[in-house]
Amino acid sequence: MVKSRAEIVQFTLGLALPLIVAAVLLSELAHFTYDDAYISYRYARNLAEGHGLVFNIGERVEGYTNFAWTLILAIGYRLGLDPDLLSKVLGGAAAVGAILVCYLLSRRILPESTLPPIAPWLLATSPVLMGHSVFGLESGFFSALMILGVWMTFREEKRDASVPWSGLVFALGGLTRPEAPMFIGLTMLFLPGPALWTRVPEDRRPVFMFFALVLIASGVHGYVTREHEPWLWNDLAIPMAVVGVLGAIVVSPRTFVSRRNILRGLGFVIPVGGHMLWRHSYYGAWLPNTLGAKTGDLQRQVVRGTHYVTDYFSFEGPILWFALIGIAFGIGRRNREVLCVAAIAIMGSLYTMTIGSDWMKLWRFMAHLQPEWLLLAGLGVRAIWSLGQRVDSAPATAPSEAEAEAESTNEARSEDAQPVLDNRWVHLGLVAVLALTYLSRRDEGREKIEFVGPEKKDFLARSAPLLVEWFQAREEQFGRDEVEGTIALADIGKVSYLTNYPILDLLGLVDPKISKLEGGYKGKTGRAYRDYFFAVEPRYHLTVTKKNDCLANKHTTARPLMRDPRYHGIYEPVGVIPLERSQWCIYERREDANRVRALGGVHRRPTSFSRRFDDNAMPR
């Protein structure tokens, strides 16, 4: 099939060049791996080596939320592939796939625009999705699956497909991240067809559905923020949510219960439901252990989550104003695909606000929604570009003499009149805004990228290997059997993977007892937490402190322990890993810990530790 010159230009400028830019950015960021990725690597390694899908051998705890991703890494490990390399290759390929799908959706939604799709450029130059695609976790893979599922769903409906494979794509996403039901559910609400319960015109039904979902989102957000943001809007939260739910039910499409959509739903429910049954039989719980570890204080979650999302919006800057124009374009055109993408972006952002923030730089949770937000922004840019664009089409019938004369008169008048809108100025203004947006985004993005740059400003990336070297040096000197023991720390990823020692996770991600304690993420540190620590009594405790002072503790999980009178009677410092502005202090259970416990576990608390401990000290 011979393509026209315009199609070649659209493909080259809208897809081929952005893919080259994306490949460059992916290669620049691929050297870095987040500490949490090593949690999945350790699960994958234990599974591949026959120990089961566990973190500590013999302890069945689901300390991950990316089952399919971990399973893929385990298969790769079994085949002799390095999980870190495999995760980056798969994530990079997924990022490329997300760009391709955004290109196809852009062309499908606004085919008449002479401006090539902008969304692929926005994605290819963003360190958010590109970075999290190669940082070792499942974010890029999940993002690509979700936008692919949306595209496939509407393509299947248009082509009257007999087998809706999109259900399996969403199911793979559901096995990768717990947010997938939201994506497939919202997509189903925007299927074509008349309303199920009313006679709302079919072309207007997507608009009513979109505003019903906006009411639900506004009501839920107002309700959960009512305590720290007591506005009048929040007093109306529950009525808004109820009206939104009723409206969504009333304008639901009849195709929601069609044969094709039932098959799509079964394609999603059977794998995801089967995984839940397996989870309960294997781990003894219906939900991942990480959910309890990261929740428990709703108001604090909402405050942190709101700042998290607004910081991301600030980073994107004017780009998201174009997204609003893209949403307005979808409402004006009554385009169900645009409104579906907009609903996913808005509801997904609300979900992120509710569950709270993530400690990782570059907004990992928002990377899951970046294809949707940037697709809307790209549509907004192309819609403005197309203002006043003339679409020539041959008339259905030849005009009469009177019509031809009137048309020539109108043309003569239009030549003398000033144009209402000169497209050249619109285009020039758009180019200027996009250029300024890119520069602003690049500067802030560069500051974020420095966190994961070659100089390794990320604390864990710089310091975890030094901790591992400390233990490896002791193993070489005294033997692994003499050195190995349970390590208690908060940032468990790389240290746990490289040492392969038993781990007591002080944040509770892989510890079911800590995850069920009162308090939010990093805040489950009350009396029960301290009692549990001293009941387990790990051999080592690793903590971050200020420079030259092991008592000036920085981490919220360590301060309550070290202030407990039992701590310094049982533990003593045996090593220090100095860094620029801080240090790792390595504590070990004392040789005379049994005698101290017999005396009640109380020991005089040192005033400070300012010396560097003997690196050759024998670990006990």
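The values are calculated or read from the model by the stated rules, or taken from the named source; none is laboratory data. For clarity, every value in this text was computed on a predicted model and none was experimentally measured. Reconstructed Cβ throughout: ideal geometry from the backbone, glycine too, with neighbour counts over all protein chains shown. Each accessible area value is taken on the protein alone, full model and side chains, heavy atoms only, with ligands, DNA and RNA left out. Shrake-Rupley method; radii C 1.70, N 1.55, O 1.52, S 1.80 Å.
Here S4 clears all of (1) modelled with pLDDT under 95; (2) open to solvent by less than 10 Å² (accessible area, probe 1.4 Å) except the condition numbered (2).
Only residues that are under 15 Å from K522 (Cβ atoms) and touching a helix residue (DSSP H, G or I) at 6+ places or on another chain (Cβ under 6 Å) were counted in region 268-300, giving 2. Residues that are open to solvent by 10 Å² or more (accessible area, probe 1.4 Å) and not in a helix (DSSP H, G or I) within region 339-367 comprise S357, D358, W359, K361, W363, listed in sequence order.
Out of P318, P288, I need the residue that is of a type outside the set (A, V, I, L, M, F, W, C) and at pLDDT 90 or above. Which one?
P288
In region 247-267, which residue that is touching a helix residue (DSSP H, G or I) at 6+ places or on another chain (Cβ under 8 Å), among the hydrophobic types (A, V, I, L, M, F, W, C) and at pLDDT 90 or above is surrounded by the fewest Cβ atoms within 10 Å (Cβ to Cβ)? Going through the qualifying residues, I end up with L266.
Restricting to region 195-225, count the residues that are of a type outside the set (G, A, S), modelled with pLDDT under 85 and over 14 Å from I346 (Cα atoms).
Final tally of qualifying residues: 11.
The requirement of being crowded, with 19+ Cβ neighbours inside 10 Å and assigned to a loop (DSSP other than H, G, I, E, B) is not satisfied by Y43. Of the residues examined, L324 is one that is at pLDDT 90 or above, under 24 Å from F211 (Cβ atoms) and either outside any helix (DSSP H, G or I) or open to solvent by 70 Å² or more (accessible area, probe 1.4 Å) (or both). On the given criteria, is A461 at pLDDT below 90, open to solvent by less than 20 Å² (accessible area, probe 1.4 Å) and outside any loop (DSSP other than H, G, I, E, B)? In short, yes. Quick one: would you say T310 is out of contact with any strand residue (DSSP E or B) (no Cβ under 7 Å at 6 or more places or on another chain), farther than 26 Å from I109 by Cα and either outside the structural domain of C340 (by the TED database) or open to solvent by less than 30 Å² (accessible area, probe 1.4 Å) (or both)? So T310 does not fit the description; no. Report yes if some residue within region 222-233 is under 28 Å from the mean Cα position of the chain (by Cα), closer than 25 Å to I327 by Cα, crowded, with 20+ Cβ neighbours inside 10 Å and not assigned by the TED database to the domain that holds L100; otherwise report no. Yes, region 222-233 contains a residue that is under 28 Å from the mean Cα position of the chain (by Cα), closer than 25 Å to I327 by Cα, crowded, with 20+ Cβ neighbours inside 10 Å and not assigned by the TED database to the domain that holds L100. Can L374 be described as closer than 25 Å to L29 by Cβ, hydrophobic (A, V, I, L, M, F, W, C), in contact with a helix residue (DSSP H, G or I) (Cβ under 7 Å, 6 or more places away or on another chain) and outside any helix (DSSP H, G or I)? Considered against the rule, which asks whether it is closer than 25 Å to L29 by Cβ, hydrophobic (A, V, I, L, M, F, W, C), in contact with a helix residue (DSSP H, G or I) (Cβ under 7 Å, 6 or more places away or on another chain) and outside any helix (DSSP H, G or I), L374 comes out as no.
Within region 64-71, can one find any residue that is of a type in the set (A, V, I, L, M) and under 30 Å from L509 (Cβ atoms)? Can you show your working first?
Taking region 64-71 first, the residues of a type in the set (A, V, I, L, M) are 68, 71.
If we keep only those that are under 30 Å from L509 (Cβ atoms) as well, we get 68, 71.
The answer is yes, given that some residue of region 64-71 is of a type in the set (A, V, I, L, M) and under 30 Å from L509 (Cβ atoms).
The single residue among T310, T290, T255, T306 that is without any contact (Cβ under 8 Å) to a residue 12 or more places away in the chain, among the β-branched types (V, I, T) and either assigned to a helix (DSSP H, G or I) or at negative phi (or both) turns out to be T310. Are any residues in region 39-54 farther than 17 Å from D82 by Cα and hydrophobic (A, V, I, L, M, F, W, C), and if so, which ones? Scanning region 39-54 gives L53, V54. Pairing each residue of region 524-536 that is under 20 Å from G485 (Cα atoms) with any residue that is part of a helix (DSSP H, G or I) and open to solvent by 20 Å² or more (accessible area, probe 1.4 Å), provided the two are 6+ apart or on different chains, yields C-beta distances under 8 Å for R530/P560; Y532/K513. Here D564 clears all of (1) closer than 21 Å to K524 by Cα; (2) in contact with a Pro (Cβ under 8 Å, 6 or more places away or on another chain) except the condition numbered (2).
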